[in-house]
Each structure stands twice: as structure tokens, then as C-alpha cells.
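Peer 1: Can you keep this structure in mind? I'll have questions shortly.
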Amino acid sequence: MDVLRNPIGALGGLLHGFLLQILPTWLADVILSLLAVSIVVAIVPLLVMTAVFLERRILAKMQDRIGPNRVGPFGLLQPIADVVKLLAKEDIIPARADRVLFITAPILVVGASLMIWATIPWGAGLAPTDLNVGVLYVIAMGGLPVLGFIMAGWGSYNKYALLGGMRSAAQLMSYEIPAILGALVPVMLAGSMQLSEIVLAQQNSVWFIFFPIIGQLAFALFIVAGLAESNRTPFDLIEAESELVAGFHTEYSGMRFALFFLAEYANMFAISGMATILFLGGWAAPFGLDFLTIPHFIWFLVKMYVMIFVFIWIRATLPRLRYDQLMHFAWKRMLPIALINVAATGIVLGIARGLVR
Amino acid sequence: MFEGAGIEIVENPELADEMTLNMGPQHPSTHGVFRLILQLEGETVVGVRPVMGYLHRSTEKLGEARTYVQAVTLTDRMDYLAPMTNNWAYALAVEKLAGLEVPERAEYIRVIVSELGRIASHQVAIGTFGADAGTWFTPLVYAFREREEILDLFMLCAGVRMNPSYIRFGGVARDLQPEFVEHARRFIDKMPRKIDEYESLLTNNEIFQGRTKGIGLLPPELAKAYSVTGPIARASGIPYDVRRAEPYGIYDRFDWEVPVRFGGDAYDRYMVRIAEMRESVEIVRQVLADLPEGDIRGKMPKIVRPPKGEAYARLEGPKGELGFYLISDGSTSPYRFKVRAPSFINLNVLGELTIGHKVADAVVILGSFDIVMGEVDR
Amino acid sequence: MFGLGVAQGMFTTLKHFFSLNNVVTVQYPEQRIELPPWTRGRPRLIYDLDSGDLRCTACGACALACPVDVIKIEQHPSPVKGKVLDRFDLDMGGCIECALCVEACPFRAIVMAPDFEFGTYDREQSLVFNMHELRIAGTPEVDSAMEYIQGVKRGLAGQAKAGGAAAGGARAGAGAAPPAAGATRAGAAPAPGDRQPVGATAGDPAKAAGAASGPRRPGGATGATTKAPGAVDEVADASGGGDGTPEPAAARPAASTASAAAGGGGSGPLARTDDMAGLSAADRAKIYKERAAAAGLGKAAPKEG
């Protein structure tokens, strides 16, 4: 039964046992970690492709259109065609651009957004490295891309890109704080920063989103801040096409643009994954459906795609905030609510412990 | 950097913190080839210079080299989103000049097609305004969905969707097909629900309100000083509508209201357009109800050769007061062909409104003006 | 935080996501919207079905009317009468499809056909069409489309006068009537045997068929075959009324459109049948001609007097 629920984990265990017999322990661990990393690095772009396809089709349906349906059955191969197109395009570097910054920026951004995935567990024991400070690590990595955005904005020698870069600095920094405070609630409730521990804590009690008021508020804060962190509507000021043409990646084309694109969607998946883990019970089967022998990572994917759908749905509906409204919203609305929420969580926990004692 | 536009930017060391941003002529939200030179301090606009003329096609000069009939095709291409009112304004001017009569049925048809055209134009205005405010094209697509049906109706009556040349002096070019009336009735019946749908996406949306309320405040005095007309003036509390102020055609026979709002901001301009769409629907409903039989074209000479003289005719286009000024020297083509293009005149106040706002607001204000560059530059 | 307004919008988009059949776009190369025959596309030169000659008399009215000067006409005086058309070139690269040429033509010789796909690799050569490429058969549907585009004209020159009825009458009968008034206009319509085509080939075929056949039927005289001088022989058209009422040729294009939409049923020799769908206008014209001959029809289309 457990093998069926966690086939990849079982496979990994078998492989680990086999490697241990022929290799020293440290080498076996290194090989297994490398394997895990390469799987993640391969899977995340695949996820991104599905998200791009889903986004285009779902947006189209919401707008009474059909969306891409020419390449392959139902247009399923459209993302591949997109990638091929981007790869085949000319790679342009503006004449007066700062070449070093211009070239390293997309690499940095993509690197940061892929590194988040190092610690996200897809099932029991199914994380490349299950860090005991997982939440902290994810938040730290989530803060890195801003560096890349500013580098891209400055290095492009373009005023729109510069404005986009400046906006990104302000926006990502500001929304980091509500995101952290939102994520702090599950951490307090679970009593651990390890992501797998948080999931296990939810399996033992209830999903943290079902904690009355505290849980929902924290979830909402985390999602809104997550939208802002991944530059999604209504917080897509960094690349606001009606104002800044394309923001920090105005001057990017071809593969370098594709890297930014990949990073944006990988970030979106990371936010969805984190929301799933922190609030939606991670890989646990929902609504007592545990009797079904469905692998854990499938549940995890399903929840993640539900979150992606919500992101796309929001994109289909809402207009964009203005720069000052955005800052106002972060610092004057979300931050106080988040602080109060954290305090309330502490009080509730204290009372609960007192009662237990 | 600015040669060609006749603009000199003087380097001022005190303004070292300022940045000059060229918005346009190629920019996603300048609605064509319009250029705004923005002086920015951070993201705040401290100076604006609108530059027009990138789409200049010398329509007015071409009109002087065409016969009166041929010049109709030029009017289509000015405000290409509402060609019917352009045709009509020109036709009014020629009728005044040559003293032509318009039969009853033609007057009714004119009102139908130009009110439909007004709805179509406002749909584009609202849709692109939503896109300027940052919605991911959903209001735009919804608006274009119904605009398609209006264009299909134009297809039925004029044989073409975009440049109909349908309203001619002395009447209209072709009679309505019976199914035009039917389709138009069906369209009019469902249109109010569709307007509700556009509104559900924008009107009450807190983000949209935050983006548009209090943005680009145009006081009535300023509006009058710049002779701003159309929905923009009516959003500033000036109840001026040529259809009411100086009724042309048969507008005085129908029961409708001039929507006026008093905020003078981008949100009110949007709301006035929404209200005008509803009023236009009502007008078309009334016109369709008592569409008379009869001729569609009055008595006309084979070749139109108006007597010497001049004429100015105006009407309420979707963008504002649209006027044609023609001078005839007695020949077959106008001696002078001048257009009072509402988009162009409304656009002149843009600079005053934008200063002090953010870059993002500049886009919203421009979007709320609903300009068509084909008309601005002509 | 967010209030009702946002929720309202979210609900609208979600409703669209879950609604069935909300897609309004057309998958263009495969699906095509059926354009009405009077769609203003490329100007075409009409030739008579029986003789195969262009109706154009090289008078140059269209070239004069053209606001963009894309029509080039060369002619020489004919030894017999009038002029002979040597060259008629149309540059679609500059044509604005305004239909002023159609309105100007006094000989009903030019029409705008719903052709709109002119993608080519060069602008100078491929978009200039000569008089042979512009030929289109003067079938009743083309004629009625041309009548409709010319709509403004009251009295028509040439064969329209010879036909005995003003085109204005046909126009009034076809176009002016709102649906309810269609039947009442029978009295105003020209004589039953009049061969004047009607401008009522309609996008809504059933209605058009009703409107066109209703007023045209000789008042209550079912079964009567009427002949006017120079008119087309009447044949029973099953779809016209189901009672075997002879119908003038004018009603046929409308009826045939109806039959095409209704999945067959139109049986007149000049009805447009389903097997013609993929054919070019010239090929269709041949078929029309053969069928007209087989059905024993004399002159299938109006001819220049």
C-alpha cells in the first residue's frame, strides 16, 4: 500500500540501498542528491510548459475564445513550439547595455527560482533535501530574483527597463514581509520550519487553512503576497505592459527572455507549492479520500494546479494596482493585519498549551 | 534625440534627478502612433509634451482633390472606429452647401446606424480603457464580442464592416435589408445585459475604482477653455451634446437623456460612456419601432456641383463634436475641406491633466480620452 | 480587504469558464462565415451567361468614379457600334473596396464579389487583375447583388429600361419592406412576368425567400404561367411555395440560398446546389448555362438591349 502511495520514494529507497552496498555512504548520498536535483530541474520546466498551456487555454475560455489549438491535439504541443521559437530567435544585446549584468541577470533569476525546489517535498521523504529550516530557505531564495530584476533593469540601458527594475526592488521587498508573516502562522502551529514536518502536523490535526480565522487570514495574506512575489496580476507592475512595455525584460529576446519567462512561472509554481504545503495539507489526500491508493505526488500536483487555476482566474479578471497603491496596500493594510494575525496565533497557541497543561 | 519634433530639451543641472521618457510613438497603450514626452521625477510626471502627426495622411488636402462623392471614402478613414458619424457629418455639410433634401426613411436609417456606431466606438473605448488599467484584456474581448455583431449589421446594410461610406448626402447609399431590422432588434434586446456584464468586471471593482477615481481631474472651466466636447466634457458636468443643443436629423423626435456626471475624472468618463451606450440602445429601439417606408435618397443632380459658398455642419460623434467645414467654388470638388476632429481637440488638454500623476496614471488618462489617431492626425 | 466589486468580476469570469458554448471566435481557414453576395470585396466584371460577353462597354465611368484611380481602361472604337474594351486592369493593391465604381456603372457590368484573400509575395504584379481574371458570370444572384450595391440609383440605363421596370421598383420590393410588410408590398411590385432580379438574396434565407416569392407571385393566380416579352420562361420551383406556383427568375437566387441552408430542396435549374460549393464562379456559370439549356430556358439572364 505504502509503495503505491509513494512509488518514487520507494524507488529512491531501493536505489539508495543498492548504492550503499557498492559505494561509500557519502558517495551514495551525493549521487542520490544529484539525481534528485536533475529530476527536479527537468520537471520544473515541464510544469512551466503545462502552466503556460493551461493559462492560455483557461484565459481564452474565460474570454469566450478557444486559445491555442493548432499545434498538436488540442494545441498541447503549443508550449514546445513556443520554446523552439524562442530558442531559434536572434539573441540581441543592446549596443550600450552593460553586458555582464545583462547576461548574468536571467541566469541569476532562473537559478534562484529553481533552487526553491530543492526543499519542497512532493511526498513523504520526496524532497531533494528536506532542510530543517525549509521555510526560511524558501523565503530566502524567493527574495533572490529581485537582484536579477534590478540587474536586468539597470543593465539593459533602457528607461522602461530601469523603471521596471526599480519597481521590482520596492515591490518584492515590501511583499516579502507579509509573505513571511503569513507563512509564520503554519510554522507556529506546526512548531517546525521543516516543510515535511508542517505537512505531517496537518495530517495529524487539520489543514491549517481550516483553522478558523487565523488560518484563512494567513492563507489570504500568503496568496496575495505570493501573487506580488511572482509578479502576477494584479501586482504585475514590474512588467506592466500597458505602462512599461515589458518592464525589466523589455530589451531581452530569444533564450534570455525565455529564462525570465521560465523563472516567472517556476516562481508561480513555487508559491502554489508552498501554499499547498503550508495550508492545504501538502501531499495528504483531501476530504477523507485517503482510502484511494493515489500516489502522494499526484495529490500534491492536483492541489498545486488548483492554486495555479486561481492565479490564472485572478489574472483574467482584475486590473492592475498603481505603484503607490501597491506600497500602501502592503505596508498599511497587509502588514498590520499580518502582525495581528501572528499575535493572535501566539495567544491561541498559548491558551491551548495552558489548557493542555 | 528630439530632432524632428521641434522640441528642445535644455539640460538643467537643477533637474538632474529628472528623467525624460519617450512614451510612444511605438508603445502598447498610446492607441496608435501617438507620442508623449514625459518628464519624470521618479515615477511622478512633472512635464508632458504630446507629439502628434505620426499618422498624418493629409486627408483634408486629399478631400480637395476628390469629387464630393469620392470624398466620402476619406471620411470613413478618420475616426475608423465610428465611420458612420463621420459620413453623416460630411453629408450634413454637403447637404447644407448644395441644399439637398433627405427623405424620411433615410433620416431614420441614419440614426440607427450612427447610434450603433456610437455603441461600437464606446465598446472599443471601454475595452481598451480596461486594458490600459491592466486587466488582461477580458473587458476588451467581451466588448469586441458585441462590437462584432454591430459590424455584422454594417455588413448587412453597407456590404462591408469597417469603412462603410454608407451615409451619403441626400440619404443613404443602400436600403436596409429586412433581416437587418430583425437582427438589429435582437441585438438591441440583448445589449443591456451585455453592458451589465462589462460593468460587472469594472464599475464596482475596487482596484479599478482606485485606479481611475480622482485621476485626471478636468474642471469644467478648463474643459470649456480647451473646448473639450463629447463624453469627456459631459463627465466634467457640462451637459453639452449636439444632439440636444442643436438637433440635427431627427433626434428631437426621440426620448432619451444626456448622461452627465460631475466628477470630471477618468472613472466618470468611463461611466458616461457606459450610460451613453444604454441611451443609444434606447434610441435605436425607438427608431426601429417606427421606421417608415419610403425612399432612401432624395432628388439629386447626377453630378453634385454645389453653388459657391461655405458651410459648417456638426454633429455629436462618439468622441465629441465632429464638424466639417466646406467651401465650394462651384466645381465638382470642395475648394476647402476642413475637419473639426474631436479627438484632436480633446487631446490638447492632456498635458494639463497628466502633470502630478504617476506614469501609470498617464496611461489611464490617455485611455479615458478615447483617442483615435486616424482622426487626431487626419 | 477586497470587497464585493472584485468578487462580482471574479464571478463573471468563472461563469464564462464553466459555460458551455460561449466561444464566439471562428476558426478561420476551416470555418468561414458565409458572406452576403453584396459584400464589398474585389470588383468583378459581369459577363452574360448565354453569350459569354462582358457587359462592359468601356465607357470609363467606373475609372472616373474611382477615388483611388486603380482602374485602368483602354478601348478602341468599334467598327459596328460603340467601343471595344481592350484592357481593364484593376490594382487590388490600391483598391479600397468602396463600391463607387459599381454605383457609377450605367450598364450593370461591374459588381463587387466577396473575394478578400489577396495574399501574395509581391505588390506590383500579382495584385493587378486583368479583364479576364475579373470575369464573373451574370447569374441572377450576382445580378441581384449588383442591384443592391447600386441601390441608390433610381432609373437605370441600358437594359434595365428595356426590361420595362425600374430597378427602383425592384429595390423597393426587396429591400424596403420590413418583415411584416413584405406581403403587403405585392401590389407595389412590378408585373408578375417582369424579369427584373430582386435585391433580396439574403443572409436570412428563409425570410428572404418568403419576402421575394410572396410579392412576386401573381396575385392568387396559382398555376398560371405568365410570360412577358423577353422574359425568362418560368419553371416550377418546389421550394418556392410548394404549390407549384411558377416563380419569376428573380425569386430564385433567394430561394436557392434558402434551399442550400435548409439542406436541399431547391430544384430550379439556376438554383445554386451543394455540389457547386467548391467551384469557381466561372465553372458555376458553365453549369448554370448547361442546366438552363437542358431545362429549355431561353435567355437565362438579362441581356443588353
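Peer 1: Take B:Leu218 and tell me if it is over 28 Å from B:Gly294 (Cβ atoms), within 14 Å of another protein chain (Cβ to nearest Cβ) and surrounded by 23 or more Cβ atoms within 10 Å (Cβ to Cβ).
Peer 2: Working: over 28 Å from B:Gly294 (Cβ atoms): yes; within 14 Å of another protein chain (Cβ to nearest Cβ): no; surrounded by 23 or more Cβ atoms within 10 Å (Cβ to Cβ): yes.
When the stated conditions are applied, B:Leu218 does not pass them.
Peer 1: Something else: Please go through region B:58-91 and give me each residue that is more than 22 Å from B:Gly330 (Cα to Cα) and of a type in the set (Val, Ile, Thr), ordered by number.
Peer 2: B:Thr85
Peer 1: Follow-up question, since we're still on this one. Applying the selection to region A:237-259, what residues are open to solvent by 10 Å² or more (accessible area, probe 1.4 Å) and either more than 14 Å from every other protein chain (Cβ to nearest Cβ) or of a type outside the set (A, V, I, L, M, F, W, C) (or both)?
Peer 2: Our first condition is that a residue be open to solvent by 10 Å² or more (accessible area, probe 1.4 Å); within region A:237-259, this holds for A:239, A:241, A:245-246, A:249-253, A:255-259.
Within region A:237-259, A:Glu239, A:Glu241, A:His249, A:Thr250, A:Glu251, A:Tyr252, A:Ser253, A:Met255, A:Arg256, A:Phe257, A:Ala258, A:Leu259 qualify.
Peer 1: Go through region A:58-72 and report how many residues are surrounded by 19 or more Cβ atoms within 10 Å (Cβ to Cβ) and away from chain B (no Cβ under 14 Å).
Peer 2: Looking only at that region, the number is 1.
Peer 1: Ok, one more. What's the total number of residues in region A:36-93 that are within 17 Å of the chain's Cα centre (by Cα) and either at positive phi or of a type in the set (Phe, Trp, Tyr) (or both)?
Peer 2: 0
Peer 1: Looking at the structure I just gave you, is A:Phe329 open to solvent by 10 Å² or more (accessible area, probe 1.4 Å), aromatic (Phe, Trp, Tyr) and under 22 Å from A:Gly215 (Cβ atoms)? It would help to see each step written out before you state the result.
Peer 2: Details: open to solvent by 10 Å² or more (accessible area, probe 1.4 Å): yes; aromatic (Phe, Trp, Tyr): yes; under 22 Å from A:Gly215 (Cβ atoms): yes.
For A:Phe329, the condition - open to solvent by 10 Å² or more (accessible area, probe 1.4 Å), aromatic (Phe, Trp, Tyr) and under 22 Å from A:Gly215 (Cβ atoms) - is met.
Quick grid of which residues meet (1) open to solvent by less than 10 Å² (accessible area, probe 1.4 Å); (2) within 14 Å of another protein chain (Cβ to nearest Cβ); (3) hydroxyl-bearing (Ser, Thr, Tyr):
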position: B:His31; (1), (2), (3): no, yes, no
position: B:Val45; (1), (2), (3): yes, yes, no
position: B:Arg49; (1), (2), (3): no, no, no
position: B:His56; (1), (2), (3): no, no, no
position: B:Arg77; (1), (2), (3): no, yes, no
position: B:Glu104; (1), (2), (3): no, yes, no
position: B:Tyr108; (1), (2), (3): no, yes, yes
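Peer 1: Still on this model: Of all residues being buried (at least 24 other Cβ atoms within 10 Å of the Cβ) and among the polar types (S, T, N, Q) in region B:110-145, which is farthest from the other protein chains (Cβ to nearest Cβ)? Just the residue, please.
Peer 2: Filtering region B:110-145 for residues that are buried (at least 24 other Cβ atoms within 10 Å of the Cβ) and among the polar types (S, T, N, Q), the one farthest from the other protein chains (Cβ to nearest Cβ) comes out as B:Ser121.
Peer 1: Right, something else. Quick one: is B:Leu100 among the hydrophobic types (A, V, I, L, M, F, W, C), surrounded by fewer than 19 Cβ atoms within 10 Å (Cβ to Cβ) and either within 13 Å of chain C (Cβ to nearest Cβ) or touching a residue at least 40 places away in the same chain (Cβ under 8 Å) (or both)? Lay out the reasoning, then the answer.
Peer 2: Details: among the hydrophobic types (A, V, I, L, M, F, W, C): yes; surrounded by fewer than 19 Cβ atoms within 10 Å (Cβ to Cβ): no; either within 13 Å of chain C (Cβ to nearest Cβ) or touching a residue at least 40 places away in the same chain (Cβ under 8 Å) (or both): yes.
Against the criterion (among the hydrophobic types (A, V, I, L, M, F, W, C), surrounded by fewer than 19 Cβ atoms within 10 Å (Cβ to Cβ) and either within 13 Å of chain C (Cβ to nearest Cβ) or touching a residue at least 40 places away in the same chain (Cβ under 8 Å) (or both)), B:Leu100 does not qualify.
Peer 1: State the number of residues belonging to region C:35-69 that are touching a helix residue (DSSP H, G or I) at 6+ places or on another chain (Cβ under 9 Å) and in a loop (DSSP other than H, G, I, E, B). Don't jump to the end; show me each part of the working.
Peer 2: Here is the first cut: in region C:35-69, the residues touching a helix residue (DSSP H, G or I) at 6+ places or on another chain (Cβ under 9 Å) are C:35-40, C:43-44, C:46-47, C:49-50, C:52, C:55-56, C:61-69.
Subset that is in a loop (DSSP other than H, G, I, E, B): C:35-40, C:49-50, C:52, C:55-56, C:66-69.
Number of matching residues: 15.
Peer 1: While we're on this one: Take the residues in region B:146-170 that are within 14 Å of chain A (Cβ to nearest Cβ) and in contact (Cβ under 8 Å) with a residue 12 or more places away in the chain, then tell me which one is farthest from A:Thr317 (Cα to Cα).
Peer 2: Initially, region B:146-170 is screened for residues within 14 Å of chain A (Cβ to nearest Cβ), giving B:146-149.
If we keep only those that are in contact (Cβ under 8 Å) with a residue 12 or more places away in the chain too, we end up with B:146-147, B:149.
Values: B:Glu146: 19, B:Arg147: 20, B:Glu149: 24 Å.
Filtering region B:146-170 for residues that are within 14 Å of chain A (Cβ to nearest Cβ) and in contact (Cβ under 8 Å) with a residue 12 or more places away in the chain, the one farthest from A:Thr317 (Cα to Cα) comes out as B:Glu149.
Peer 1: Every residue in region A:299-315 that is open to solvent by 20 Å² or more (accessible area, probe 1.4 Å) and either more than 20 Å from C:Gly5 (Cβ to Cβ) or away from chain B (no Cβ under 14 Å) (or both), please.
Peer 2: A:Trp299, A:Leu301, A:Val302, A:Tyr305, A:Val306, A:Phe309, A:Val310
Peer 1: From the list A:Ala183, A:Ala190, A:Ala285, A:Ala220, exactly one residue is within 17 Å of the chain's Cα centre (by Cα) and over 28 Å from B:Val364 (Cβ atoms). Which is it?
Peer 2: Numbers: A:Ala190 fails: within 17 Å of the chain's Cα centre (by Cα); A:Ala285 fails: within 17 Å of the chain's Cα centre (by Cα); A:Ala220 fails: over 28 Å from B:Val364 (Cβ atoms).
Matching residue, one of A:Ala183, A:Ala190, A:Ala285, A:Ala220: A:Ala183.
Peer 1: I've got another one for you. Please go through region A:150-162 and pick out each residue that is open to solvent by 10 Å² or more (accessible area, probe 1.4 Å) and under 21 Å from B:Lys358 (Cα atoms).
Peer 2: Going through region A:150-162, the residues open to solvent by 10 Å² or more (accessible area, probe 1.4 Å) turn out to be A:150-151, A:154, A:157-160, A:162.
Hits for region A:150-162 are A:Ile150, A:Trp154, A:Asn158, A:Lys159, A:Tyr160, A:Leu162.
Conditions (1) in a strand (DSSP E or B); (2) surrounded by fewer than 20 Cβ atoms within 10 Å (Cβ to Cβ); (3) in contact with a Gly (Cβ under 9 Å, 6 or more places away or on another chain), marked per residue:
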site	(1), (2), (3)
C:Lys72	yes, yes, no
C:Gln75	yes, yes, yes
C:Val80	no, yes, no
C:Cys95	no, no, no
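Peer 1: Let me ask something else. Among the residues of region A:269-287, is there at least one that is over 26 Å from C:Gly3 (Cα atoms), at pLDDT below 85 and open to solvent by 30 Å² or more (accessible area, probe 1.4 Å)?
Peer 2: yes
Peer 1: Give me the pairs: first residue in region C:55-73 and over 20 Å from C:Gln125 (Cα atoms) and within 12 Å of chain B (Cβ to nearest Cβ), second residue part of a loop (DSSP other than H, G, I, E, B) and basic (Lys, Arg), beta-carbon distance under 9 Å, and six or more apart or on different chains, which are they?
Peer 2: If the second residue must be part of a loop (DSSP other than H, G, I, E, B) and basic (Lys, Arg), the pairs left are C:Pro67/B:Arg66.
The values are calculated or read from the model by the stated rules, or taken from the named source; none is laboratory data. This one's a predicted model, so the numbers in the text were calculated from it and none came from an experiment. Because the Cβ atoms are built from the backbone with ideal geometry, glycine has one as well, and the counts that use them run over all protein chains shown. The protein model used for the area step is the full one, side chains on, heavy atoms only, and it has no ligands, DNA or RNA in it. Shrake-Rupley method; radii C 1.70, N 1.55, O 1.52, S 1.80 Å.
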